[in-house]
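Visitor: This is the structure, below, for whatever I ask next.
The values are calculated or read from the model by the stated rules, or taken from the named source; none is laboratory data. All figures in this text were calculated on a predicted structure; none of them were measured in a lab. Every residue, glycine as well, gets a Cβ built from its backbone with ideal geometry; the counts of neighbours run over all protein chains shown.
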Amino acid sequence: MSTYADAFAAGPSHGWLPELRKSAFDRFTALGFPTTRNEDWHFTSVTKIAERTFKPVKPGTCAVSQKAVERMAHGEADWHRLVFVNGRFERGLSHFAELPADVTVATLNEMLKESPEFVAERLGKLASFDAHPFTALNTAFTQDGVVIHVPRGVVVDAPIQIVHICDDKAAGGAVHPRLLVVAEAQSQFTIVESYLAVGTPSYFTNAVAEIEVGSGARVDHYKVQQESTEAFHVGTVQVTQARDSVYHSFSFASGAALSRTNVYTRLIGEGAEAKLNGLYLVDGTQHADHQTFVEHIAPKCASRELYKGVLDGTSHGVFNGKVYVDPLAQKTDGKQTNHALLLSEGSRVDTKPQLEIFADDVKCTHGATVGKLDQVGLFYMKSRGINAEAARTLLIYAFAAEVLETIELDGLRTQLEAAVFEQFVRTTPE
Amino acid sequence: MSASIDALVNKEYAYGFVSDIDADTIPKGLSEDVVRLISAKKNEPSWLLEWRLKAYRRWQTMTEPHWANLTYTPVDYQNLRYYSAPKSVKPLQSLDDVDPDLLKVYDKLGISLNEQKRIAGVAVDAIFDSVSVGTTMKEELSKYGVIFCSFSEAVHNHPELVQRFLGSVVPYSDNFFAALNSAVFSDGSFCYVPKGVKCPIELSTYFRINAAETGQFERTLIVADEGASVSYLEGCTAPKRDENQLHAAVVEIIALDDSKVKYSTVQNWYAGDKNGVGGIYNFVTKRGKAMTNAKISWTQVETGSAITWKYPSVILQGDNSTGEFYSVAVVNNKQQADTGTKMIHVGKNTKSTIISKGISAGEGQNSYRGQVKVLPKAENARNYTQCDSMLVGNKCGAHTFPYIEVANNSATLEHEASTSKIGEDQIFYCKARGLSAENAISLIVSGFCKEVFKELPMEFALEAQQLLGITLEGSVG
């Protein structure tokens, strides 16, 4: 802990910011890293993160080429793209397409210089670090990030992509990227976050996103986590949704030795809708943990969740989906589904779907299944002349496809479909 | 709607009388001396006293668990009486020896021992406060070699069996309440069904807490030897008192190879008044171990108690063993229940089924908490879980906390849960056909719980449906 204190003292400061950072650091010091005695971390031990000291990565020259970014990052030429390498913004690798008037897409550091009040009013307001040590750690150590502000009624057609790449220079270090999104009433846009790596360095990414979705607004948020398989990734997304807003989250996770993805949304305005989907693919000794928390605070809101996991090797998957329905949230319609497919003998999964309901006029369901590949399906295909490997591939792909189909960006969907094949398919079907 | 809700909620607890029976009690408080005193009063062999003392010492190092979704005034363990026995107890040869006052109490409760014995053919072991007062149908059972007696009798007459199985499924160190029970348990039921015997009649235990400020700590041990089968019923009531009474029981079931045990509970402890004053704190540890090809089935109807903390579990130890859990839990007024089950799959080809129906009314809070765990060696494990909650009224809550932990890829697990309001259109339909709102609700709730009720033995199923009706009376209009 003392090494964190040294690193903290050496960190940068921006006007009002030191105070917030100081209180976040104090909170982190008080909370410490969560242990498995903490119900929210029951199945995931972060000892491997806690026992090492990941200091913020030192600035250095960027060794990642434009070509490498093009190859790795999912996305298309007309997307707005901000690229961060080892936590530092790389203007040279980024691409700014034309944006509608008054739309702001900037780095956190730029915004701190140009409109510090905008940031001061909002940073840390949604993502409270009171009970979340990793959010506290991010707030204390964040070096940079992205601020997106879309004014009332504005529709941004092209997705805004944020790419985080780590390479060997990040080895042993930590990056704490921050994302602040303000979607004013009736606005519409799509965010794509990618966490990628060159090679297999061991580092720690601790990301926090705060997203405010105004009334009638719609935000589509894709997160692709393909970190180095030696890396650690903790990512928290905290959303609040006003009246009739729509927030759609899609999380794809196949990287990191240990990853934890939190997606929390508060439905505070009547008629808001949240769609949380996710797919994780793990192999070897990987550990992937997903936690979702939907708070139905206002009446007549709907939430839909579909999370699926494919596990091979001796990997370990965890899913914890919480749905809370406030006494005032009448006419809530909540549905949560979670399926895990265990491909190998050593793989294991722990799942905990959870409902806490305090209102009576509601319809809430959850379903969870765990199983292996359907032997009857395999047999059927083999009896029709499809070889065993191809049949297996088809079944895995079909399992994953249900979630992938919810991706509304064609390019991204095709790329992630390919990633599924690459990871689990021994031979590509004809 | 609300006027008739209120009218219905205010139904009185029908079993809330106090019986003025002379009781042999010990001073309040808990210490090693008290443990020794209880053991001495029961004239126990030294191995049992040693076991109690080990449990007591372990208990002292433990803290009360607070992970459950329950809020209650903490129990002052030093302000409780750990032993209370009706004074007139002496070794009983037949029912005729039982204190007539006691028999009257049972008559009042509607479980006349005489009647049960003669007509229903159910053997009843009735536990009054801490001591077993009469076991019916003993002769009939002994013809088959079935041992069914109070725990104390078993300690004296069948020490080898008790010593072999006591604590083998729920060790004294298992949890806070199990440790407390192991230290101070006063009596309970013991049942042993020998190899290959199908117990010809349903066995039944009836529990009642009578004395004030008394904790009831009964211990039930059921052993089904190879190829045996037995069905066991348990019922509970307590008088109305303003202070909270503690009930911390332990039930252990051992189902050896190819045996079957079915354990049914209708729990109707006093639930406290509509303001949440009084009522029983029900902290119970129930667990069974199923060996090869054995089957353990738990069925529970939980309508009483202010606080319920109860997770009847099955360790599926042997290959091809089966575990079942059928539960109806109802909370009304300020009742809180945190109940569910654990199915631990250890052997190969093990199967478990969980059907849980929760009904919340008034300001009641009902939580289902369950764990299905498949260990790495448990090939081809199969689990099906369904937990449905129904909400009646807008101040209650229904919560679900399932834990699914799978470490073997040949396992197939399914979990489904739903929460919804009682169907207004269903009520309307029934009313349109001339049923009162009350009858309509009763009908809908019975339908909702049908899958569980059909698992109960006939007499119990009727009683359970009536109880449910009473508990929910007035909760909807």
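Visitor: Is it the case that region B:281-294 has a residue that's more than 19 Å from the chain's Cα centre (by Cα), among the aliphatic types (A, V, I, L, M), surrounded by fewer than 24 Cβ atoms within 10 Å (Cβ to Cβ) and closer than 20 Å to B:G362 by Cβ?
Guide: The answer is no; no qualifying residue exists.
Visitor: Checking the condition under 21 Å from B:Q267 (Cα atoms), more than 10 Å from every other protein chain (Cβ to nearest Cβ) and of a type outside the set (S, T, Y), which residue from B:G423, B:G434, B:G364 passes?
Guide: Residue meeting the stated conditions: B:G364.
Visitor: May I ask you to verify whether A:G278 is surrounded by fewer than 24 Cβ atoms within 10 Å (Cβ to Cβ) and either of a type in the set (G, A, S) or more than 23 Å from A:H42 (Cβ to Cβ) (or both)?
Guide: In short, no.
One line per residue, one yes/no per condition, for (1) part of a strand (DSSP E or B); (2) within 7 Å of chain A (Cβ to nearest Cβ); (3) buried (at least 19 other Cβ atoms within 10 Å of the Cβ):
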residue	(1), (2), (3)
B:V372	yes, no, yes
B:N380	no, no, no
B:N383	yes, no, yes
B:M390	yes, no, yes
B:F401	yes, yes, yes
B:E405	yes, yes, yes
B:S410	no, yes, no
B:L413	yes, yes, yes
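Visitor: Also, quick follow-up: Considering only region A:253-372, give the strands (runs of 3 or more DSSP E) lying wholly within it that have at least 1 residues that are without any contact (Cβ under 8 Å) to a residue 60 or more places away in the chain and within 10 Å of chain B (Cβ to nearest Cβ). Working first, answer last.
Guide: Values: elements: A:258-267, A:273-282, A:287-296, A:302-311, A:316-325, A:333-342, A:348-357, A:363-371.
It comes to A:302-311, A:316-325, A:333-342, A:348-357, A:363-371.
Visitor: Here is a follow-up. Listed residues A:A68, A:A127; which is more than 27 Å from A:Q238 (Cα to Cα) and either in contact with a Gly (Cβ under 7 Å, 6 or more places away or on another chain) or of a type in the set (A, V, I, L, M, F, W, C) (or both)? Steps first, answer last, please.
Guide: Details: A:A127 fails: more than 27 Å from A:Q238 (Cα to Cα).
Only one candidate passes the filter, namely A:A68.
Visitor: A follow-up question, please. Which residues, taken from region A:57-76, are touching a residue at least 12 places away in the same chain (Cβ under 8 Å) and surrounded by fewer than 20 Cβ atoms within 10 Å (Cβ to Cβ)?
Guide: Within region A:57-76, the subset touching a residue at least 12 places away in the same chain (Cβ under 8 Å) is A:57-60, A:62-64, A:66, A:68-69, A:72-76.
If the condition is that a residue be touching a residue at least 12 places away in the same chain (Cβ under 8 Å) and surrounded by fewer than 20 Cβ atoms within 10 Å (Cβ to Cβ), then A:K58, A:P59, A:G60, A:C62, A:A63, A:Q66, A:A68, A:M72, A:E76 are the ones that fit.
Visitor: Next question. For region A:164-182, does any single residue satisfy the condition of being small (G, A, S) and assigned to a strand (DSSP E or B)?
Guide: Let us first name the residues in region A:164-182 that are small (G, A, S), namely A:170-174.
If we keep only those that are assigned to a strand (DSSP E or B) as well, we get A:173-174.
Within region A:164-182, one or more residues are small (G, A, S) and assigned to a strand (DSSP E or B).
Rundown of residues vs (1) in contact (Cβ under 8 Å) with a residue 40 or more places away in the chain; (2) of a type outside the set (S, T, N, Q); (3) not in a strand (DSSP E or B), yes/no style:
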{"residue": "B:V314", "(1), (2), (3)": "no, yes, no"}
{"residue": "B:Y326", "(1), (2), (3)": "yes, yes, no"}
{"residue": "B:I344", "(1), (2), (3)": "no, yes, no"}
{"residue": "B:T353", "(1), (2), (3)": "no, no, no"}
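Visitor: Tell me which residues, restricted to region A:131-156, are at pLDDT below 95, surrounded by fewer than 20 Cβ atoms within 10 Å (Cβ to Cβ) and in contact with a strand residue (DSSP E or B) (Cβ under 8 Å, 6 or more places away or on another chain).
Guide: Answer for region A:131-156, where residues must be at pLDDT below 95, surrounded by fewer than 20 Cβ atoms within 10 Å (Cβ to Cβ) and in contact with a strand residue (DSSP E or B) (Cβ under 8 Å, 6 or more places away or on another chain): just A:D144.
Visitor: Looking only at region A:350-370, decide whether some residue is touching an Asp or Glu at 6+ places or on another chain (Cβ under 7 Å), under 27 Å from B:V331 (Cβ atoms) and either in the same structural domain as A:L395 (by TED's automatic domain parsing) or crowded, with 24+ Cβ neighbours inside 10 Å (or both).
Guide: yes
Visitor: For A:L394, indicate whether it is in a helix (DSSP H, G or I), surrounded by 15 or more Cβ atoms within 10 Å (Cβ to Cβ), more than 10 Å from every other protein chain (Cβ to nearest Cβ) and touching a Phe, Trp or Tyr at 6+ places or on another chain (Cβ under 6 Å). Steps first, please.
Guide: On the way: in a helix (DSSP H, G or I): yes; surrounded by 15 or more Cβ atoms within 10 Å (Cβ to Cβ): yes; more than 10 Å from every other protein chain (Cβ to nearest Cβ): yes; touching a Phe, Trp or Tyr at 6+ places or on another chain (Cβ under 6 Å): no.
Taking the combined requirement at face value, the residue does not satisfy it.
Visitor: While we're on this one: Using beta carbons and a limit of 6 Å, which pairs, at least six apart or on different chains, have the first residue in region A:81-100 and of a type in the set (S, T, N, Q) and the second one not in a strand (DSSP E or B)?
Guide: Short answer, once both residue conditions are applied: A:N86/A:V57; A:N86/A:K169; A:N86/A:A170.
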